[in-house]
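Reviewing the structure listed below.
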Amino acid sequence: MNKKKRQKVPKNGDWSKLCPDVLRKIFETLSSPVDSHRAKIVCSGWYSVWKTCAKRPPCPLRIIHQGDSPTLGKGNRKLVGLFQHRSYCMASSGNWLLMVELRLKFYIYNLLTKERIDLPSMESQILGGQVRFKPGREYFHGYLVGPSRRDKVPFDYEAVEWEKSLAVLWVNDTTGDYVVAWTFIQKYLFSYMKGDGFWRDLNSNGKSLVLFDMACEDSMLYLLTIDHHIKIFNFFGDIFTGKQNRYWGRPFNFVAQPWEYVWKRKMVIRRSGEVLIVLSLKEKVKKEEKLLFYIFKMNLESCKWERVYSIGDEMLSFGRGVTVPLALKDLGDGIKSDSIYFVDEDVWPDHKDHDHRVSNCGVFDIATSKIEWPKKIYCFINKTHWFVRGVAY
């Protein structure tokens with residue numbers, strides 16, 4: 001009788017050669033997005049198997065500001081001490097955070113690998129030459145200097161309202177490329193792209209640019225201006241018009257009914273590059289109030305904005321301004337397609353569910369217009385009081 005041949009195991013314990021079926025079963029038991037991400041980046045072989053899993057955590061990390069609560073959740077000790085006390089998180093992309101410290105020192109930080117990439121100082125030369133930052137005599141003071149000597153605006157670094165500044169971060173995990181854009185005092189727009197060595201001033205002809213929102217996808221910057229137009233930049237400062245920007249000259253105008261009260265406007269970029277405008281609002285009829293989200297897209301034939309009532313097999317992250325395709329319609333734990341994921345600050349603050357919700361994360365079912373407040377799976381916090389979540393619903 002022939003003895004079954006044993007599979008040879010390398011003496012060095014090469015985990016990359018594990019049986020794909022075994023790996024797949026292991027991956028599908030990982031409910032935490034952090035664990036799932038760590039597993040897939042072990043090697044290219046593991047990543048190839050991970051992509052074939054039918055069930056895996058679909059949501060990217062999301063950073064949510066929680067005010068001044070000193071409470072530390074279970075498992076948060078790993079983040080305590082990572083950032084300076086006066087650090088502020090401006091934006092996130094996957095596992096990367098865009099952070100800013102005093103004196104406008106920007107850097108991006110990977111929460112999982114702990115890699116830090118420092119960006120050029122904002123006090124160095126800014127391409128475009130219209131404005132520049134100049135340090136003051138005291139450490140916490142500085143100046144925004146315009147083209148002429150009279151254009152000199154003093155400010156206090158500690159008093160800057162970062163929560164009112166718009167910022168985007170886009171990172172390509174495959175190539176390592178990244179781009180950053182942010183607004184200062186809601187008027188001046190700056191950008192940086194990997195390899196540049198300097199920041200760019202994107203304000204056209206030195207004019208201030210007031211925005212409702214901005215988003216970034218595939219190194220393209222989308223701006224929703226205060227006059228409801230959509231501008232598209234590349235990160236060399238070129239504005240796309242005509243055929244390069246199908247939305248050019250077609251502003252988004254929403255006329256609210258007397259019972260509709262808009263709270264926020266958000267621009268969302270789909271994987272296809274299509275732009276959606278999402279409104280967070282409340283409907284008030286007599287004494288009854290209801291939180292709602294309206295989604296609009298442009299009809300390419302009529303060139304008019306129309307409301308849509310489904311996004312198919314995608315889920316929409318309101319805060320991130322992106323849609324995520326799902327292989328299954330319902331993955332449990334509140335994760336399902338054709339829905340909008342949001343946090344409490346994305347909706348009207350005085351809503352009726354505020355004191356009764358089980359978490360500060362909600363799911364809006366687009367088909368039924370109903371909101372659920374699923375229980376959080378996990379959460380941890382760093383010393384700057386920012387909650388970091390994977391599937392935090």
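Would you pick out the residues in region 211-228 that are aliphatic (A, V, I, L, M) and either more than 21 Å from Val268 (Cβ to Cβ) or modelled with pLDDT under 85 (or both)?
Answer for region 211-228, where residues must be aliphatic (A, V, I, L, M) and either more than 21 Å from Val268 (Cβ to Cβ) or modelled with pLDDT under 85 (or both): Leu211, Met220.
Return the residue satisfying two criteria in turn: it lies in region 165-187 and is of a type outside the set (A, V, I, L, M, F, W, C) and buried (at least 20 other Cβ atoms within 10 Å of the Cβ), and of such residues it is nearest to Phe212 (Cα to Cα).
Start the filter on region 165-187 by keeping residues that are of a type outside the set (A, V, I, L, M, F, W, C), which leaves 165, 172-178, 183, 186-187.
Within this subset, residues satisfying the condition of being buried (at least 20 other Cβ atoms within 10 Å of the Cβ) are 178, 183.
Details: Tyr178: 23, Thr183: 11 Å.
It comes out as Thr183.
Could you please tell me which pairs satisfy a Cβ distance under 7 Å, a separation of 6+ or placement on different chains, a first residue in region 232-257 that is hydroxyl-bearing (Ser, Thr, Tyr), and a second residue that is assigned to a loop (DSSP other than H, G, I, E, B) and modelled with pLDDT of 80 or more?
Short answer, once both residue conditions are applied: Thr241/Trp248.
Here's the yes/no breakdown for (1) outside the structural domain of Val168 (by the TED database); (2) modelled with pLDDT under 90; (3) at positive phi; (4) in contact with a Gly (Cβ under 6 Å, 6 or more places away or on another chain):
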site: Phe235; (1), (2), (3), (4): no, yes, no, no
site: Thr241; (1), (2), (3), (4): no, yes, no, no
site: Gly249; (1), (2), (3), (4): no, yes, yes, no
site: Glu283; (1), (2), (3), (4): no, no, no, no
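If I filter region 1-16 down to residues being under 24 Å from Leu112 (Cβ atoms) and out of contact with any helix residue (DSSP H, G or I) (no Cβ under 6 Å at 6 or more places or on another chain), which single residue comes out as modelled with the lowest pLDDT?
First pass over region 1-16, keeping only residues under 24 Å from Leu112 (Cβ atoms): 13-16.
Subsequent filtering for residues that are out of contact with any helix residue (DSSP H, G or I) (no Cβ under 6 Å at 6 or more places or on another chain) retains 13-15.
Values: Gly13: 62, Asp14: 70, Trp15: 72.
By that ranking, first place goes to Gly13.
In region 198-210, is there at least one residue being modelled with pLDDT of 85 or more and more than 16 Å from Phe106 (Cα to Cα)?
Within region 198-210 (the criterion being modelled with pLDDT of 85 or more and more than 16 Å from Phe106 (Cα to Cα)), the answer is no, since none of the residues qualifies.
State which residue pairs qualify: first residue modelled with pLDDT of 80 or more and inside region 121-133, second residue hydrophobic (A, V, I, L, M, F, W, C) and open to solvent by 50 Å² or more (accessible area, probe 1.4 Å) in any location, beta carbons under 8 Å apart, and separation of 6 or more residues or different chains.
Close Cβ pairs satisfying both conditions: Ser124/Phe198; Gln125/Phe198; Ile126/Phe198; Leu127/Phe198.
Residues Thr29, Thr52: which one is at pLDDT 80 or above, part of a loop (DSSP other than H, G, I, E, B), open to solvent by 40 Å² or more (accessible area, probe 1.4 Å) and in contact with a Lys or Arg (Cβ under 7 Å, 6 or more places away or on another chain)?
Testing whether each residue is at pLDDT 80 or above, part of a loop (DSSP other than H, G, I, E, B), open to solvent by 40 Å² or more (accessible area, probe 1.4 Å) and in contact with a Lys or Arg (Cβ under 7 Å, 6 or more places away or on another chain) leaves just Thr52.
If you check Val322 against the conditions, is it modelled with pLDDT under 90 and not assigned by the TED database to the domain that holds Trp263? Step through it out loud before you land on a result.
Details: modelled with pLDDT under 90: yes; not assigned by the TED database to the domain that holds Trp263: no.
Judged against the criteria, Val322 is not a match.
Any idea which residue in region 241-288 is surrounded by the fewest Cβ atoms within 10 Å (Cβ to Cβ), counting only those that are outside any loop (DSSP other than H, G, I, E, B) and out of contact with any Phe, Trp or Tyr (no Cβ under 9 Å at 6 or more places or on another chain)?
First pass over region 241-288, keeping only residues outside any loop (DSSP other than H, G, I, E, B): 242-244, 260-269, 275-285, 288.
Going one step further and asking which of them are out of contact with any Phe, Trp or Tyr (no Cβ under 9 Å at 6 or more places or on another chain), we end up with 243-244, 288.
Details: Lys243: 7, Gln244: 11, Glu288: 9.
Top of the filtered list is Lys243.
The values are calculated or read from the model by the stated rules, or taken from the named source; none is laboratory data. Given the structure is predicted, the values throughout are model-derived calculations rather than measurements. We place every Cβ from the backbone using ideal geometry, glycine too, and count neighbours over all the protein chains shown. Quick note on the areas: whole protein, heavy atoms, side chains included, nothing else; ligands and nucleic acids left out. Shrake-Rupley method; radii C 1.70, N 1.55, O 1.52, S 1.80 Å.
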